[in-house]
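Enquirer: Starting off with a structure, shown below.
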Amino acid sequence: MIGYAMTKPKTYSYLGSGGIKFGGGARAENKRRPPGRKKPSYESVSGFERSNSGVLVEKRRIIDREKNRYFEKVVEHKSRKVLRRIEEPLTNHTGRGSAKARDKKKGR
């Protein structure tokens, strides 16, 4: 199904195999999912967003499960300073995001 849906106030998502989201920044997403597979075999995200410190950054991320590749590059938009650059096998990219170890004492 292709169409547009309002996901948050002033944030629109394009529904389909790829899309563009506008909100605190603009970004394009592309996903390929083979039939019968839970996770996409390929994902890419690129665009602009605000960092935690409020600085506008340009972010590019590629997750390629078929080629076992993870790539991420975050560049400060104004100065073009590279804040983060990671290129490694996807199987080595652990302990980040939802896979991060939580402190059981704090209940996280």
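The values are calculated or read from the model by the stated rules, or taken from the named source; none is laboratory data. Everything quoted here is computed from the prediction, not taken from an experiment. Cβ sites come from the backbone with ideal geometry, for glycine too, and all protein chains shown count toward neighbours.
Enquirer: Does the stretch 76-94 include one or more residues that are in contact with a Gly (Cβ under 7 Å, 6 or more places away or on another chain) and either surrounded by fewer than 12 Cβ atoms within 10 Å (Cβ to Cβ) or at pLDDT 90 or above (or both)? Talk me through it step by step, then tell me what you get.
Expert: To start, the set of residues in the stretch 76-94 that are in contact with a Gly (Cβ under 7 Å, 6 or more places away or on another chain) comprises none.
No: zero hits.
Enquirer: Tell me the strands (runs of 3 or more DSSP E) entirely within the stretch 45-100 that contain at least 1 residues that are in contact with a helix residue (DSSP H, G or I) (Cβ under 7 Å, 6 or more places away or on another chain). Explain how you work it out, then say what you get.
Expert: Values: elements: 56-64, 69-76, 82-89.
Where strands (runs of 3 or more DSSP E) fall fully within the stretch 45-100 and carry at least 1 residues being in contact with a helix residue (DSSP H, G or I) (Cβ under 7 Å, 6 or more places away or on another chain), they are 56-64, 69-76.
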